[in-house]
Structure formats: C-alpha cells, structure tokens
1. Scan region 220-231 and give yes if some residue there is surrounded by 12 or more Cβ atoms within 10 Å (Cβ to Cβ), of a type in the set (Asp, Glu) and either closer than 18 Å to Gln257 by Cβ or in contact with a strand residue (DSSP E or B) (Cβ under 7 Å, 6 or more places away or on another chain) (or both), otherwise no.
2. May I ask you to list the residues in region 6-55 that are in a helix (DSSP H, G or I), exposed (fewer than 14 other Cβ atoms within 10 Å of the Cβ) and in contact (Cβ under 8 Å) with a residue 24 or more places away in the chain?
3. Test Met75 against the stated conditions and say whether it is at pLDDT below 90 and not assigned by TED's automatic domain parsing to the domain that holds Ala282.
4. What residue, among those in region 180-210 that are farther than 15 Å from Met162 by Cα and of a type in the set (Val, Ile, Thr), is nearest to the chain's Cα centre (by Cα)?
5. Identify the residue in region 189-210 that is touching a residue at least 24 places away in the same chain (Cβ under 8 Å) and in contact with an Asp or Glu (Cβ under 6 Å, 6 or more places away or on another chain) and, among all such residues, is surrounded by the fewest Cβ atoms within 10 Å (Cβ to Cβ).
6. Restricting to region 214-240, name every residue that is among the basic types (Lys, Arg) and not in a strand (DSSP E or B).
7. Just one of Glu227, Glu218, Glu203, Glu251 is touching a Phe, Trp or Tyr at 6+ places or on another chain (Cβ under 9 Å), among the acidic types (Asp, Glu) and either at pLDDT 90 or above or closer than 17 Å to Met102 by Cα (or both); which is it?
Amino acid sequence: MDSLDLIRAFREVAFQGNFSRAATRLGISKATASKYVAELEARFGVRLLNRSTRSVSLTDAGELLLERSAPMLEMVELTQAELAERANEPRGRLRIAAPHAMASGELPTLLAEFMGFYPEVIVSLSLANSVDLAEDGIDVELRFGPIENDNLIVRKLLQVPMVVCASPIYWKKHGKPTHPTQLPQHDALTLIREGAHPVWRFEDKGKPIDVRVKSRMEATEGAPLVEVARHGFGLIYVPALAVQPQIDHGELVPVLQKYARQDMWVSAAYLQRRHNSAALRALLDYLQDRAKRRGRFAGQPLPPHQPQAGAAPVAGG
C-alpha cells in the first residue's frame, strides 16, 4: 500500500476519532482502516493512536505526524492537479532540440506562432547537431536526414530535397557537371562528420549512387560552407531549405537536381508514445499540420494553422 494512502487513512481516523466513521468516509471497511493505521505504525516503528473500544486519541508521535503531514499532502495534491493539467492542457516547459542550421530558417517563426496559440507553454530551445534525449532532458528533437535508432519514436514531418550548388563564378570557371560521377573532379565543401573521405549519395532511376568527393574545406556546421561556396571556392550538397535565399538571389546555382536523394526528411524524434505531455502532443500535431499544408521550415509564407480546440493565438508581450 502506498504510504500516502496510509497517511490519508490515519488522518481521517484522527479527525473522526473513530475507525468506523473514518472507514465510512474513506469508503473502506473498518478492518481495512485499522489495518492501514497498523501498517503505518509498523513502518515508522512507533504507536500513533491510543485505542479504546469506543474511540481513539493521538499519541505524541501521532500529533507530530498529523501536523507535519498536512503541508506534505497539500503539496502532493497540488502537484497531482498540475500534472493532470499538463496531461490534458498544453502548458509547462517544453524542451526542444534542433540543429544549428534550423535557427536561421523558419523554425523560430513556427515556434513563435505555436507559443501564440498555447500561451501557457514555455519553450526551451537547444541548438545542437547531436543530443541524447534522455541524458540531456529533451522532450523532442528535430532532426534532418535518416534516423537509425530503435529507441526513438520518429514522426516524419517534411520531405526536404537536397541540392548541389555553387556560385555562378565557380560554374563559369569549372563547368557544370551533368552526372554525379563527375563530382570528384570538383572542389567540394564538406562537413567534418562526413569523414576524411566524404561520400555523397545520389539516386539514378531509383538506384543509389555513392560518390566520393574531394574536400577543399570542411567544417563542423554548414553555414560557413555556404558562405565559402557563395564566394566561388567550391560546391556544396545541402538541404535546399538551407540555401533557398541564396538560390533565390542568384548567389548559388543548383545542378543535378534530378539525381538528388529522396530519403531526406525533417523529423521529430522523442522517447516514448505513451504519457507524453499535452504540450508535446500539441507541438507534434502543430508541426505535422504545417508540413501537410506544405509550409516549409525556411523562407516560405505559411498558411493558417488550425490549433487544438480552445487554443487561440495570443500576441507576445
């Protein structure tokens, strides 16, 4: 039996001064009420009640427990009520992780709109290219690319095309490739995590093509590589959403688009299906809704979102 239930039974007996009346109030038998108090006394190793055939009275230890247990039970009941609210209404702190590249895309705007619909939710955003959800206390991580981890629940949100691109100056000097197998002749700008001999994957009529490229520069993150490519010193292979503004302004020119791999997604990864907070469920549904409406996570106007029943946008203060 849970200690809190035993303490509740003890307190009811103390207030009623009688096992029978306390049992009636608790909806249990007199014998069960007596058993609960006896078990509590056994756990503490001290007598809590003086018993007679007609009534009971508190011992000194019983008076101490009655006094000290009141704020404890009040705190427990208040916590239970708040936890129930978090299970049913989006509120409380929501810890989100996302790669650095998403910080300059549409993600901040999406989170701002989400916060407007759910003003009781506090968002804590960690920008990192790799996290341990359990160890780092993350509720949900937004990831790009395939996720191979059986311990995670993965909800695919948005398919994102990949793009090979370089500046007009680079293409003028080196020529544009017409097939991925020509890429080893070019200067590639790669991520350090791709290794000393980076391999870029493409598809040709549904079949994968792995091409080893020659890295002219590598970096831990993509943003510096985009800038170097913009200045004409190599080509990059990145999600289109990461370079859409540069493509739109003609600073980078894409090639080989029909060969780009098709298995790259923005996904939400979390640890379990059951007992997730209402805030997490609301965020997952919100992001899924935005993806279905074809709102991208970078540089494209977003259509209206239909929030959970009862949620209405609130301007930030």
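The values are calculated or read from the model by the stated rules, or taken from the named source; none is laboratory data. Not measured: the values here are computed from a predicted model. All Cβ positions, even for glycine, are placed from backbone atoms using ideal geometry, and neighbour counts span all protein chains on display.
1. So far as region 220-231 goes, no, none of its residues is surrounded by 12 or more Cβ atoms within 10 Å (Cβ to Cβ), of a type in the set (Asp, Glu) and either closer than 18 Å to Gln257 by Cβ or in contact with a strand residue (DSSP E or B) (Cβ under 7 Å, 6 or more places away or on another chain) (or both).
2. Within region 6-55, Arg43 is the sole residue that qualifies.
3. Working: at pLDDT below 90: yes; not assigned by TED's automatic domain parsing to the domain that holds Ala282: yes.
Criteria met by Met75.
4. Residue satisfying both the conditions and the ranking: Ile192.
5. Here the answer is Ile192.
6. Pass one, region 214-240, residues among the basic types (Lys, Arg): 214, 216, 230.
Hit for region 214-240 is Arg230, nothing else.
7. Glu203
Yes/no matrix, rows are residues, columns are (1) farther than 14 Å from Met162 by Cβ; (2) without any contact (Cβ under 8 Å) to a residue 40 or more places away in the chain:
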{"residue": "Ser215", "(1), (2)": "yes, yes"}
{"residue": "Thr220", "(1), (2)": "yes, no"}
{"residue": "Ala223", "(1), (2)": "yes, no"}
{"residue": "Glu227", "(1), (2)": "yes, yes"}
{"residue": "Leu235", "(1), (2)": "no, no"}
{"residue": "Gln244", "(1), (2)": "no, no"}
{"residue": "His249", "(1), (2)": "yes, yes"}
{"residue": "Pro254", "(1), (2)": "no, no"}
{"residue": "Gln257", "(1), (2)": "no, no"}
